[in-house]
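Asks: Okay, here's the structure, questions in a sec.
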Amino acid sequence: MKLLIVLAVCVAVSTAAPGSLKSERIPIVKFLLDDNNAGTYSLNTVSGDGSITNVEGRSKDLGDLEGPVTVKRGSYSFIGDDGKTYKVEWVADENGFQATGDHLPTPPPIPADIQKSLQENARLSPTAAPMKMTKISSPSKTIMRSQKLDQFAPVSIRITSQG
């Protein structure tokens, strides 16, 4: 009897699909794959709903212990529910995944004070103006004292517990 109830519940759940999901199959109109089996490939697809995908990949040696990795570049476009065509261009490499598109959100502009600070930091790079650093330790924290600027900059904090 329990098995019959469990079976009935499974059938009910599997047939009760939300009404907002599209259930029709979308045909692949075009599928082109060019793979030279030496680390370089390209893939181009067009779907029956107007979606287009283009991907190019190649092997790249980053010079570390990971060995060669595949870096990719591509784009995809689709027609949204509003009838507009949306396109995303992207790159996936050693710097991560970076996507661009007119419809994607962008970060706010950097405030002028922070931009000025970044420019000042770039101008005063550590290699251009080396500082003599003195390490000062206490039971609760370690700080570095700059002999050049006579400022203290926290480097690490060590919390100790006794008892």
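Any read-out appearing in this document is the output of simple, stated calculations on the displayed coordinates, not a laboratory observation. Quick caveat, the model's predicted, so the values are computed rather than measured. FYI the Cβ positions are ideal-geometry reconstructions off the backbone, even for glycines, and counts take in every protein chain you see.
Asks: Mind ordering 77-88, 97-108, 53-64 by average Cβ neighbours within 10 Å, highest first?
Replies: Values: 77-88: 11.0, 97-108: 9.1, 53-64: 13.5.
Packing proxy ranking, top to bottom: 53-64, 77-88, 97-108.
Asks: Convert each backbone phi in the stretch 47-60 into a coupling constant with the Karplus relation 6.51 cos²θ - 1.76 cosθ + 1.60 (shift: θ = phi - 60°), then list the ³J(HN,Hα) values in order as whole Hz, x for Gly and Pro.
Replies: Once θ is set to phi - 60°, the couplings for the stretch 47-60 become 9, x, 8, x, 6, 10, 10, 10, 9, 10, x, 8, 7, 9 Hz.
Asks: With θ taken as phi - 60° and the coefficients 6.51, -1.76 and 1.60, list the Karplus ³J(HN,Hα) couplings across the stretch 102-117 in order, rounded to whole Hz; mark glycine and proline as x.
Replies: 4, 8, 7, x, 10, x, x, x, 6, x, 4, 5, 5, 4, 4, 5
Asks: May I ask you to order 41-48, 112-119 by the average number of other C-beta atoms within 10 Å around their residues, highest value first? Write down the numbers at each step before the final one.
Replies: Numbers: 41-48: 15.4, 112-119: 10.1.
The densest-packed peptide leads the list: 41-48, 112-119.
Asks: Another question, if that's okay. Write down Rg/Rh for the stretch 25-114, rounded to two decimals, with Rg from the C-alpha atoms and Rh from the Kirkwood relation over Cα pairs. Write down the numbers at each step before the final one.
Replies: Working: Rg = 17.1 Å, Rh = 15.6 Å.
Dividing the radius of gyration by the Kirkwood radius yields 1.10.
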